[in-house]
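Colleague: Attaching a single structure in structure tokens format; questions to follow.
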Amino acid sequence: MQELTEYLKSERLKQGLTLKEMSEKLRVSVGMLQALEEGNYQKIGTALLIRSFIRAYCNLVGIDSQPLLDRYASEINAFDKQDDGIQRYGTWSKGLGKKSRFGVIAITFLCVAV
């Protein structure tokens, strides 16, 4: 992955673009672009965003992104935390459902009591 980050940065510098200019054109924060160039993909988050940022970055500097995405697909997918988030959401929503049922039962009991 270090090769990818060095390649992207060198292509940007060949074009004479700063990270700020890239940020304005891509509408991606400078921090995210720095994370991309440094290989700090944990900061970006999901594989979907990483691929999207690489694709947009490459389009702006005029290189074909698909060979890069194909070559580094397994490394990019290793940073995908989406499954963890889905599992946390499932756990959270199940807990919320139990609380909601308790609230409905309590309200029903109070209405019957009155």
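The values are calculated or read from the model by the stated rules, or taken from the named source; none is laboratory data. In this text, all values refer to a predicted model and were calculated from it rather than measured experimentally. Cβ atoms come from the backbone with ideal geometry, glycine included; neighbour counts cover every protein chain shown.
Colleague: Looking only at segment 35-47, decide whether some residue is of a type in the set (Ser, Thr, Tyr), at pLDDT 90 or above and within 19 Å of ILE76 (Cβ to Cβ).
Modeller: No, because not a single residue in segment 35-47 is of a type in the set (Ser, Thr, Tyr), at pLDDT 90 or above and within 19 Å of ILE76 (Cβ to Cβ).
Colleague: Which one is nearest to GLU3 (Cα to Cα), of the residues in segment 23-35 that are out of contact with any Leu (no Cβ under 7 Å at 6 or more places or on another chain) and in a helix (DSSP H, G or I)?
Modeller: Among them, the one singled out is ALA35.
Colleague: Is there a residue in segment 57-79 that is in a helix (DSSP H, G or I), closer than 17 Å to GLU6 by Cβ, at pLDDT 90 or above and under 16 Å from the mean Cα position of the chain (by Cα)?
Modeller: Within segment 57-79 (the criterion being in a helix (DSSP H, G or I), closer than 17 Å to GLU6 by Cβ, at pLDDT 90 or above and under 16 Å from the mean Cα position of the chain (by Cα)), the answer is yes, since at least one residue qualifies.
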